[in-house]
């Protein structure tokens, strides 16, 4: 029993062919997306974790300068910079600013003391010599 279309009519249905083509296109798109994701995000390898309390962010131990602050680089995470590193730098800079302000206040106090001393001490200093 052959139909008017020929002996292949039973094996060849347009709906099945369309479904197979859609399936192949979906698989091809999925493979391309997977390959792109693999290239962008790597193979899932991870570095060994840093010890607690340590950070790859570096600042000099003493005499912090503007160039040191400008050179600070923070580690990027999925939602921005790593908060612990930013908090550490802010605390370090805050401490440095407090120390510098303390030194400035101390030097200003010394300067005031010297400004008051020569007015009264110049007559005694001149007599002693």
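Just so it is clear, none of the values below were taken in a lab; they were calculated from the coordinates. Since this is a predicted model, take the numbers as computed values, not measurements. Virtual Cβ from ideal backbone geometry, glycine too; neighbours counted across all protein chains shown.
Taking the Cβ-Cβ separation of residue 87 and residue 37 as r and a Förster radius of 41 Å, what is the calculated FRET efficiency to the nearest 0.05?
Details: r = 32 Å, r/R0 = 0.78.
Taking R0 as 41 Å, the efficiency between residue 87 and residue 37 is 0.80.
Test of understanding: what is the full-extension gain from residue 77 to residue 18, defined as 0.36 nm times their sequence separation minus their Cα-Cα distance?
On the way: separation 59, 0.36 × 59 = 21.24 nm, distance 4.39 nm.
Stretched out fully, the residue 77 to residue 18 stretch lengthens by 16.8 nm.
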